[in-house]
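Please read the structure below before turning to the comments.
The values are calculated or read from the model by the stated rules, or taken from the named source; none is laboratory data. All values derive from a computational prediction rather than experimental measurement. Cβ coordinates were reconstructed from backbone atoms using ideal geometry, including for glycine residues, and neighbour counts include every protein chain displayed. Calculation scope for accessible area: heavy atoms of the full protein, side chains included, ligands and nucleic acids excluded. Shrake-Rupley method; radii C 1.70, N 1.55, O 1.52, S 1.80 Å.
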Amino acid sequence: MLLRMSTLFLRTLREDPADAEVPSHKLMVRGGYVRRAAPGIYSWLPLGKMVLDNVASVVREEMNRIGGQEVLLPALLPREYYEASGRWTEYGDTLFRLTDRKDADYLLGPTHEELFTLLVKGEYSSYKDFPAILYQIQEKFRDEARPRAGVLRGREFHMKDSYSFDLDDEGLQRSYDLHRDAYIRIFDRLGLNYVIVSAMSGAMGGSASEEFLAETPTGEDTFVRSTASDYAANVEAVQTPTPPALPIEGRPEAQVHHTPDTPTIETLVDFLNGVGLGRSFTAADTLKNVLVKTRAPGEADWEIMGVGVPGDREVDMKRLEAVLHPAEVELLDESDFEANPFLVKGYVGPNALLRNKLRYLVDPRVAEGSAWVTGADEPDHHVVDLVCGRDFTPDGVIEAAEIREGDPSPDGRGTLYTARGIEIGHIFQLGRKFADAFGLDALGPDGKPRRITMGSYGIGVSRVVAAIVEQSHDDKGIIWPREVAPADVHVVGTGKGEQIEVAVRIAEELADRGVRVLVDDRKGVSPGVKFTDAELLGIPTSLIVGKGLAQGVLELRDRASGEREEIAVDTAVEKVVRSVKGA
RNA sequence: CGGGGAGUAGCGCAGCUUGGUUAGCGCGCAUGCUUUGGGAGCAUGAGGCCGCGGGUUCGAAUCCCGCCUCCCCGACCA
């Protein structure tokens, strides 16, 4: 492959585009890899298209390796399929909808479970046909509320989606594991620094869904990881270690104190430390009871419940919602308090909740035998030394307290800190939702139909390109890993003599030897411009044919390390071939 | 949906407060000469619906009203 910059459809920009914020967006636009066509919609120019194809090739190779078979389904889909699965309504505004001339509803596919399910249903009917893995690499459409950061979060994007079809849960687990391994190979080959986090809430548990996050400061997803191990998880999935139970015998009796004007944890702690109880208290010694109401899907009535967390922590509504999903959650409002006078705002204790048969769940730190300062269920009164397991017994534990930097890692090694990542892959055990919706069965050896169980697995191919740039660039430009680079070598001819001719000749030789070459054969362009462009474009290796040519010397540069090496003209081709192939 | 910002040449921007020649600068582009190892110099040029619609005025990029669009932060996002 030989690309000549004199004719390449490429224009690099000296300045950052005004609408770009993150490095990948700036560099991909400046380097002439992509151009914005509309909000969240991008055109891929020749070099960008090559990178995109290279990433897709890696994905394709690894999908084929696990037995995936590539197909290409339409992106334009009739409403009826998504009506059958319920997603015509479930997807909401994120779905791109359109109508044809006969006023029939269509959509642009955001993901293709429906059509794949129907495709398999139409072709396969025997247990002998399964398992099967089908995939495609294609444009997806989602009308994001706020597209941002260039191709990182677009409304049209390139995605690999695959679907597995199995006869039973063990088969699904195998297909899931195959994908998980394939994804690890793919992202390793692409040179990405990533973590795998559980995407399911703590309560749902299991490994039924995992996300692959490329770690970057500009990522949209927050996750936590450990300082001392490779533990990583979504904030929603972090399990708080439960402290050991303490003996109850010999603990001081619970005592109610008059604590005027202490509606907040802070004022309460200050008050207690001021009245001389013979010991000091911190916010972590208090038990804060947050009242929420939940409503299960389809239900009309709200149920009030109490959530007990250590007073030095807030309830993280996202974690709470994840645990209670699919129920809705809201904080109580004034009218709820008025309707339930036993709830004394600011002074709610466990026993008012338990006595009134309200569900009361506590943070795992509220373990058996732990003693707390908490509300006494009457205005201006708190109770000290209320012992869990003796003075009150919660209905269970709940992961709702905020996660903080420095919390112990759930795996017992190190402490947690928060990091940000870009979701580049997601693997998901769908189960039978779509098979049920479309009646996808296979006839078993016993002559009876068996409902197929499915998995769906995505990789955002265009997003991966941006993620690579996020992780691999410097202030001068992009630094492509060789596997995805648009070329192996950037041959730069600079000078007014025969340098450009020689550069082209060397480039041709390299191309003949199977090296992918970009040659800067532009005339009348100063060396500074060519070097700057080379650094911006980010081809892993540059070969400079310049002022050294008169002495028979060329210069080999490594984009990543910045190392420069002088090499002889006559051995240059051989040396480049070796370094490219050997890399 | 809430908050903030911005629409002027392909790209990046000034001009608007205080209306008044032919709307300007840098980059890029074209032509010529010079230059050629770190975003070159000189000269000449092409390129504009000043977001759209209405209004005020002798006169509007500039003032007023309405609308549209885009960007950023947040909410939302199987």
Handout entry: Which numbered condition A:Glu299 misses (of (1) touching a residue at least 12 places away in the same chain (Cβ under 8 Å); (2) within 37 Å of the chain's Cα centre (by Cα); (3) assigned to a loop (DSSP other than H, G, I, E, B); (4) closer than 27 Å to A:Pro341 by Cβ)
Key = (1)
Handout entry: Whichever residue in the range A:391-415 is part of a loop (DSSP other than H, G, I, E, B) and in contact with a Gly (Cβ under 8 Å, 6 or more places away or on another chain) and, among such residues, is nearest to A:Tyr231 (Cα to Cα)
Key = A:Glu399
Problem - Selection count where residues are closer than 18 Å to A:Glu139 by Cβ and either open to solvent by less than 50 Å² (accessible area, probe 1.4 Å) or within 16 Å of RNA strand B (Cβ to nearest atom) (or both), scope the range A:98-121 - result: 10
Fill in the blank from the handout: Only unsatisfied item for A:Gly497, checking (1) within 30 Å of A:Ser24 (Cβ to Cβ); (2) outside any strand (DSSP E or B), is (1)
Practice task
Test A:Gly548 against the stated conditions and say whether it is open to solvent by less than 10 Å² (accessible area, probe 1.4 Å) and small (Gly, Ala, Ser).
Solution key: no
Practice task
Return yes when A:Gly493 is open to solvent by less than 10 Å² (accessible area, probe 1.4 Å) and within 12 Å of RNA strand B (Cβ to nearest atom) and no when it is not.
Solution key: yes
Practice task
Could you tell me whether any residue of the range A:550-572 is within 30 Å of A:Ser24 (Cα to Cα) and assigned to a helix (DSSP H, G or I)?
Solution key: no
Completion exercise
Matching residues in the range A:515-532 (among the basic types (Lys, Arg), open to solvent by 10 Å² or more (accessible area, probe 1.4 Å) and either touching a strand residue (DSSP E or B) at 6+ places or on another chain (Cβ under 8 Å) or more than 15 Å from A:Arg11 (Cα to Cα) (or both)) number 2
Handout entry: Residue, least open to solvent (accessible area, probe 1.4 Å), within the range A:259-291, restricted to residues that are β-branched (Val, Ile, Thr) and assigned to a helix (DSSP H, G or I)
Key = A:Val269
Exercise for the section: Could you tell me whether the range A:8-22 includes any residue that is hydroxyl-bearing (Ser, Thr, Tyr) and either free of Cβ contacts under 8 Å to residues at least 40 places away in the same chain or within 11 Å of RNA strand B (Cβ to nearest atom) (or both)? Expected result: yes
Handout entry: the range A:46-78, residues that are open to solvent by 30 Å² or more (accessible area, probe 1.4 Å) and either among the aliphatic types (A, V, I, L, M) or within 16 Å of RNA strand B (Cβ to nearest atom) (or both)
Key = A:Met50, A:Val71, A:Leu72, A:Leu76
Completion exercise
Those residues of the range A:416-448 which are among the aliphatic types (A, V, I, L, M) and not in a strand (DSSP E or B) amount to A:Ala435, A:Ala437, A:Leu440
Exercise for the section: Working only within the range A:549-563, note down all residues that are under 13 Å from A:Phe531 (Cα atoms) and near RNA strand B (Cβ under 10 Å from one of its atoms). Expected result: A:Glu555, A:Arg557, A:Gly562
Handout entry: Selected residue (only one of A:Lys581, A:Lys523 is within 10 Å of RNA strand B (Cβ to nearest atom) and not aromatic (Phe, Trp, Tyr))
Key = A:Lys523
Exercise for the section: Determine if the range A:70-83 includes at least one residue that is touching a helix residue (DSSP H, G or I) at 6+ places or on another chain (Cβ under 7 Å), among the charged types (D, E, K, R) and modelled with pLDDT of 90 or more. Expected result: yes
